[in-house]
Amino acid sequence: MSSAIVATGKKKLNIYKKEAAFGYLLISPWLIGFLCFMLAPLVGVILISFMRWDLITSPHWVGIENYKKLFQDPLFWQSLKVTLIYAAGRVPLGILTALVTALLLNQKVKFIGFWRVVYYMPVVLPPVAISLIWMWIYNGQYGVINSIIHGLFGIQGPQWLNDPVLVLPALMVMAVWSAAGRNMIIYLSGLQGISNELYEAAIIDGASSWTRFWKITLPMLTPVIFFHMVTGMIETFQLFTQAYVMTEGGPNNASLFFNYYLYQKGFQQYQMGYAAAMSWVIFLLIVGLTLLIFRSSKAWVYYEAEVK
Amino acid sequence: METAIDLKQIQARQLFLKLSMRVFIYAMLILGALFIFIPFGWTLSTALKTDQQVLAYPPVWIPSPVVWENFVKALTIRPFHIYYFNTFLIAFICVTAQVLSSSLVAYGFARFRFPGRNLLFFVLLSTMMLPSNLLLVPRFILFKTLGWLDTFLPLTIPHFFGSAFSIFLMRQYLMGIPLELDEAAKIDGAGPLRVYSSIIFPLVRPALGAIAVFEFVSVWRDFMGPLIYLSSEKHYTVSLGLAAFKSEFFTEWNLFMAAAVVAMLPPLIVFFIAQKYFISGASLTGSGASKG
């Protein structure tokens with residue numbers, strides 16, 4: 001009797017072991033990929049940041065020299081400034097447009113599928129093609145925007161991409177054009193997750209539609225806004241194609257985005273150690289900013305689960 | 001009597017408010033759609049213009065004559081057929097690899113119990129937050145050491161290990177499939193792979209489709225990867241060819257726009273065929289991630 005229990009116990013244990021082994025086997029592709037293409041490079045980037053290495057001659061250990069040089073490099077600070085200014089404009093602008101579009105599409109409008117497709121369309125296009133198109137739109141002499149300005153006011157419009165003040169706003173508008181659809185979808189799903197009962201209760205209490213928006217819709221969307229803020233910031237630090245194709249960091253380094261400067265240092269000037277130090281600094285900066293947003297989120301992000 | 005008139009007035013006012021709200025909503029939607037469409041229209045119109053008309057002032061929207069030859073010229077002036085072949089080849093390999101690996105890994109995470117599973121899944125999710133440029137330098141050095149530079153290997157091999165995004169999407173989908181189905185098959189003596197191939201696989205096809213579509217478009221959009229890893233022109237992708245084309249022919253806007261139109265076509269076609277997956281897939285990740 002007791003031996004039978006032990007036997008089934010063992011059998012059960014074996015089943016668990018087998019299940020675990022099979023689970024590990026199934027996830028092993030990701031695990032191997034993570035170790036080889038993420039964890040190892042992640043460690044590598046720290047080591048390389050302490051070296052001087054042009055990839056041709058053998059690497060030199062230089063200690064913290066790269067970091068020292070980095071913090072004394074005015075172009076590094078410029079690239080940081082450009083990226084942060086861009087993020088400070090682009091992220092709120094993105095949140096606003098996506099929210100407004102999602103609110104519009106959450107009404108009972110006709111041909112809802114059509115509208116969604118239209119707004120989402122630019123999201124799938126190759127950034128190089130988008131960059132070419134917008135270069136042409138912003139063209140100082142023959143671009144469509146300046147032609148409209150000339151037609152309406154009879155004056156010559158600005159050189160959008162060649163003006164240090166206007167280049168970042170111009171790129172922000174283009175970014176909104178290409179990403180509004182993707183973010184709109186995320187807000188839309190957030191909107192549809194808000195239960196109707198809340199609105200019904202508010203209507204009974206006599207709340208106007210404006211109050212309902214401020215007291216229900218917006219608070220319920222804060223997790224989505226929070227998500228958008230974090231991903232939007234990370235995206236800004238990855239921005240590359242626009243700088244490469246449209247402005248080459250110009251005019252006068254006014255669009256020297258962080259990632260473009262990193263590319264110049266690492267892959268054009270072959271200063272791998274310097275580029276690695278840059279990556280590392282940016283990683284810490286992103287972690288810091290994310291933590292900051294996370295911290296602040298306690299004050300303004302509303303999670304339903306917490307209340308229950 | 002008087003109150004009845006008031007009621008009618010109130011009703012009329014409400015109707016008026018409702019109507020003007022409608023008008024406002026549609027006006028905004030149309031304005032937004034114009035904002036989306038004008039760049040496309042301008043691109044297509046430029047692609048079909050003569051050199052003189054491109055620089056005409058004030059600008060013309062309808063090209064006359066319509067120069068279809070711009071497309072032929074743009075695509076033959078540089079070997080775009082090679083760029084297209086390369087991009088399709090890379091996309092094909094990546095899509096196949098991604099669908100296979102991500103679905104198996106997601107199956108492992110969704111259906112099997114093993115020590116450390118939740119921790120590993122958390123690690124997987126957190127890699128989504130990792131800025132990819134952090135790994136640019138060491139990955140480049142890794143691929144150089146392996147002798148993979150100027151081959152398609154750096155652009156394809158990493159996709160055989162699944163991506164956090166696809167695995168997450170797939171796992172979300174798998175969690176929605178009742179466990180009883182697996183149990184029933186197991187009782188009938190089916191092994192885990194058998195359960196996967198005959199029960200799970202047919203049910204998750206929509207999610208696999210979504211992953212395939214997302215993967216195709218992301219490979220097609222990639223620019224920095226090819227720029228860093230590929231050097232000889234016979235290996236160029238469409239994006240790379242387009243950027244090189246721009247620096248070579250500096251002012252021939254009609255040719256750029258023709259090339260840009262053709263470069264946009266494959267992802268646009270895929271998008272229109274699969275837009276249902278796209279839009280539901282994007283919302284799935286949005287809501288899932290925002291709840292995390």
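Couple of notes before you dig in:
- Taken residue by residue and averaged, Cβ atoms of other chains lying within 10 Å of the Cβ of A:39-51 number 3.
- The heavy atoms of A:Leu13 offer some 100 square angstrom of accessible surface to a 1.4 angstrom probe.
- Alpha-carbon Rg with Dmax, taken over the stretch B:116-164, Å: 13.1, 39
- Inter-chain Cβ neighbour average for residues B:257-265, partner chain, 10 Å: 4
- Listed residues B:Arg117, B:Arg22 arranged by accessible area, highest first, probe 1.4 Å: B:Arg22, B:Arg117
- Relative contact order (%) - criterion: Cα under 8 Å, at least six apart; region: chain A: 27
- All other residues whose Cβ lies under 9 angstrom from that of A:Gln271 are scored, Lys and Arg at +1 and Asp and Glu at -1, for a net of +1.
- For A:Met51, the residues whose amide H sits under 5 Å from its own are A:Val62, ignoring neighbours fewer than 5 places away on the same chain, with H placed 1.01 Å from N.
- Shielding by partners, peptide B:157-164 (average Cβ within 10 angstrom, other chains): 4
- Dipole magnitude for chain B: about 480 debye, using +1 per Lys or Arg Cβ and -1 per Asp or Glu Cβ, origin at the Cα centre.
- Taken per residue, the accessible surface of the protein assembly as shown reaches 49 Å², heavy atoms only and a 1.4 Å probe.
- D (Stokes-Einstein, µm²/s), Kirkwood Cα radius, the protein assembly as shown, 0.692 mPa s at 37 °C: 122
- Gap separating the Cα centres of the stretch A:195-221 and the stretch A:34-92, nearest whole Å: 48
- Scaled against the 2.2 N^0.38 Å expected of a compact globular protein of N residues, the Cα radius of gyration of the stretch A:179-308 reads 1.48.
- Distance violations [Cα-Cα > 18 Å] among A:Lys18/B:Lys186; A:Lys68/A:Lys265; B:Lys144/B:Lys246; A:Lys17/B:Lys186: B:Lys144/B:Lys246
- Mean Cα-pair separation over length for chain B, i.e. relative contact order, pairs under 8 Å, 6 or more apart, %: 29
- Global geometry of the stretch B:132-200, whether rounded, prolate or oblate, following the gyration tensor of its Cα atoms and the 1.5 cut on a/c: prolate
- Quotient of the Cα radius of gyration of chain B and 2.2 N^0.38 Å, N being its number of residues: 1.37.
- The coefficient of translational diffusion for chain A, derived via Stokes-Einstein from the alpha carbon Kirkwood radius under 10 °C and 1.306 mPa s, stands at 67 µm²/s.
- Ordering of B:265-275, A:168-178 by packing is A:168-178, B:265-275, highest average first (other Cβ atoms within 10 Å, averaged per residue).
- Rolling a 1.4 Å probe across all protein chains gives A:Thr231 an accessible area of roughly 40 Å².
- Percent of C-alpha pairs per 5 Å bin in the stretch B:1-160, short distances first: 1, 6, 7, 8, 8, 8, 9, 9, 10, 9, 7, 5, 4, 3, 2, 1, 1, 0, 0.
- Whole-Å distance, taken between Cα centres, linking the stretch B:186-206 and the stretch B:31-107: 41
- Taking the empirical scaling 2.2 N^0.38 Å for compact globular proteins as reference, the stretch B:47-100 has a Cα radius of gyration ratio of 1.77.
The values are calculated or read from the model by the stated rules, or taken from the named source; none is laboratory data. What you see is a predicted model, and the numbers here were worked out from it, not measured in a lab. All Cβ positions, even for glycine, are placed from backbone atoms using ideal geometry, and neighbour counts span all protein chains on display. With ligands, DNA and RNA removed, areas are computed over all heavy atoms of the protein, side chains included. Shrake-Rupley method; radii C 1.70, N 1.55, O 1.52, S 1.80 Å.
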